[in-house]
Amino acid sequence: MSKNDETENDKNNLIGYDPLAWMDQEVEDYAKEEIEVLQQSIMADDNVLESNYSNQSLQDADENDDANYNQSPVHLDAALSIQNVSALHEKLKKVLTANDYIEINLSDVASIDTATLQLLVALKKDSVKLQKTVVFNSPSPRFIESAKLLGLLEILDV
Amino acid sequence: MRVVAIINQKGGVGKTTTSANLCHAIAELGKKVTVIDLDPQGHLAVSLGIRLQQHGGIDEVMRGEKTIQQQIIQVRDNLQLITSGSRLQEIEQLTENSPHRGDLLKNALQTGLECQDYVFIDCPPSSGLLIVNALFATDEILVPMTSDFLALQGLSHLMGTVKKFEKVLKKQYTSWLVISRYTPNRKISRQVLNILLSHFPNQILATTIRETTLLAECPSFGKTILEYSPGSQSAKDFRKLAIDFMEGRVMYVKK
Ligand SMILES: Nc1ncnc2c1ncn2[C@@H]1O[C@H](COP(=O)(O)OP(=O)(O)O)[C@@H](O)[C@H]1O
Ligand SMILES: [Mg+2]
């Protein structure tokens with residue numbers, strides 16, 4: 001895959017319009033930047049978003065008593081993975097319903113996977129639609145690293 | 001247990017190819033996988049070597065006539081199949097004597113699959129009642145995509161549908177894209193991929209499945225690529241894709 005292909009992108013654009021443009025105007029226009037798409041042929045393992053999927057059992061969200069359930073700030077667990085996405089989604093939904101200002105503390109996040117990041121992006125977008133505010137606080141280095149790798153820092157505003 | 005719909009209303013994008021080969025690759029890694037053929041054409045069953053379709057399938061479970069356990073066919077180690085069955089089309093077409101409901105599949109899956117790690121649903125290329133049932137039954141979708149312009153148009157339509165469902169059902173799908181018929185030597189492929197990356201920066205599985213003749217050949221032998229040509233690039237692609245899917249490894253833009 002040659003770099004030249006990419007820099008000529010503007011001149012030789014083969015796509016007249018983007019049917020998906022409605023989905024997300026907030027997303028940056030990658031077409032103007034130097035892009036490298038990582039594919040398996042050039043993808044060394046350390047380039048991949050590695051999320052240290054620890055198999056340690058997570059604290060069960062249900063341990064929280066109901067009184068604290070809907071309150072902000074929400075502290076996210078250390079290991080966030082797809083196994084717990086539904087539970088986290090349920091929880092965040094309730095918090096979003098109960099509050100206009102939601103603070104999410106990311107200081108403990110030691111590993112986060114793409115499924116959880118999807119959820120946080122969706123939460124941020126939902127909050128904008130609902131004219132509510134979601135703030136991500138004290139992001140751990142691991143969180144920043146993962147979000148940056150995927151170009152999500154701006155959307156999440158961390 | 002993750003219940004995942006392999007979905008795209010466009011035909012020929014690689015839903016069935018992805019279903020058969022990804023499921024087999026995950027099963028080979030020791031996970032318990034059930035795959036459901038929700039396409040009345042029954043191509044998934046054929047791809048996995050099951051040709052005798054007198055055996056009832058998910059149709060009878062959705063109609064409340066049988067249980068899931070009664071319909072299971074063990075097709076490989078760790079991999080079980082539930083065929084479409086001959087009356088699935090009636091549910092899609094809303095014939096007189098079929099139940100018109102969106103929650104039939106969800107209900108059908110309630111019991112009998114508890115010990116499975118993954119349940120995949122190979123969806124039909126349509127946007128009728130079967131798709132409604134698939135979206136009711138799952139929280140997670142995997143969208144196979146080709147790398148051509150009309151595929152973007154199709155995806156736009158699909159995402160519109162998905163967003164409507166999210167609103168109505170008050171849920172959030174975890175969604176993944178897989179480039180399932182990639183032709184790297186065409187320039188437009190790269191451009192389509194770039195557009196996809198801009199809209200789905202954390203959702204395109206890291207491994208692209210390339211267009212190869214081997215992948216086109218293996219269904220007629222009832223074999224997955226892992227059996228038909230275990231050492232091939234396509235077999236390696238699907239083994240990698242299995243890990244991508246299990247661990248959420250995605251493609252990203254290097255800045
Ligand atoms: N990566 C690929 N390389 C070559 N042929 C493919 C590939 N993916 C799918 N095909 C072929 O394209 C046709 C349509 O694929 P299929 O998986 O049945 O699509 P769908 O289920 O979305 O309709 C089939 O004949 C299949 O063998
Ligand atoms: Mg198919």
Within region B:115-136, is there a residue that is of a type in the set (Val, Ile, Thr), over 16 Å from B:MET1 (Cα atoms), more than 16 Å from ligand 2 (Cβ to nearest atom) and at pLDDT below 95? yes
Take region A:125-150 and flag every residue that is surrounded by fewer than 20 Cβ atoms within 10 Å (Cβ to Cβ), within 14 Å of chain B (Cβ to nearest Cβ) and within 13 Å of the chain's Cα centre (by Cα). A:LYS125, A:GLU145, A:LYS148
Given (1) facing another protein chain (nearest Cβ under 8 Å); (2) surrounded by 15 or more Cβ atoms within 10 Å (Cβ to Cβ), index of the condition B:GLU166 fails: (1)
Going through region B:226-244 in order, the residues found to be within 9 Å of ligand 1 (Cβ to nearest atom) and either in contact with a Pro (Cβ under 8 Å, 6 or more places away or on another chain) or more than 10 Å from chain A (Cβ to nearest Cβ) (or both) are B:SER234
Output for region B:126-141, where each listed residue is surrounded by 17 or more Cβ atoms within 10 Å (Cβ to Cβ) and either more than 18 Å from the chain's Cα centre (by Cα) or not in a helix (DSSP H, G or I) (or both): B:THR138, B:ASP139, B:GLU140, B:ILE141
Would you confirm whether any residue within region B:25-48 is within 20 Å of B:LEU205 (Cβ to Cβ), near ligand 2 (Cβ under 9 Å from one of its atoms) and out of contact with any Asp or Glu (no Cβ under 9 Å at 6 or more places or on another chain)? no
B:GLY49 vs. criteria within 16 Å of ligand 1 (Cβ to nearest atom), surrounded by fewer than 16 Cβ atoms within 10 Å (Cβ to Cβ) and touching a residue at least 12 places away in the same chain (Cβ under 8 Å): no
Looking at (1) under 30 Å from A:LEU120 (Cβ atoms); (2) more than 9 Å from chain A (Cβ to nearest Cβ); (3) of a type in the set (Lys, Arg), which one does B:ARG190 not meet, given that it meets all the others? (2)
Those residues that are within 17 Å of B:SER147 (Cβ to Cβ) and either within 8 Å of another protein chain (Cβ to nearest Cβ) or surrounded by 19 or more Cβ atoms within 10 Å (Cβ to Cβ) (or both), I need them from region B:213-225; list them, please. B:LEU215
Which one of these does B:THR174 not meet: (1) within 18 Å of the chain's Cα centre (by Cα); (2) more than 8 Å from chain A (Cβ to nearest Cβ)? (2)
For region B:96-125, give me each residue that is under 26 Å from B:PHE238 (Cα atoms) and outside any loop (DSSP other than H, G, I, E, B). B:TYR118, B:VAL119, B:PHE120, B:ILE121, B:ASP122
Residue check, B:LYS10 within 16 Å of ligand 2 (Cβ to nearest atom) and modelled with pLDDT under 95: yes
Quick one: count up the residues across region B:98-131 that are hydrophobic (A, V, I, L, M, F, W, C) and either within 14 Å of chain A (Cβ to nearest Cβ) or more than 16 Å from ligand 1 (Cβ to nearest atom) (or both). 8
Could you grab me the full set of residues in region B:207-223 that are touching a residue at least 12 places away in the same chain (Cβ under 8 Å) and either in contact with a strand residue (DSSP E or B) (Cβ under 8 Å, 6 or more places away or on another chain) or within 25 Å of B:ARG190 (Cβ to Cβ) (or both)? B:THR207, B:THR208, B:ILE209, B:ARG210, B:GLU211, B:THR212, B:LEU214, B:LEU215
Tally the residues that are within 12 Å of ligand 1 (Cβ to nearest atom), closer than 14 Å to B:ILE121 by Cα and either surrounded by fewer than 24 Cβ atoms within 10 Å (Cβ to Cβ) or within 14 Å of another protein chain (Cβ to nearest Cβ) (or both), restricting the search to region B:9-40. 2
Quick check, is B:THR183 free of Cβ contacts under 8 Å to residues at least 40 places away in the same chain, β-branched (Val, Ile, Thr) and within 9 Å of another protein chain (Cβ to nearest Cβ)? no
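The values are calculated or read from the model by the stated rules, or taken from the named source; none is laboratory data. In this text, all values refer to a predicted model and were calculated from it rather than measured experimentally. Backbone-built Cβ (ideal geometry, glycine too); neighbour counts: all protein chains shown.
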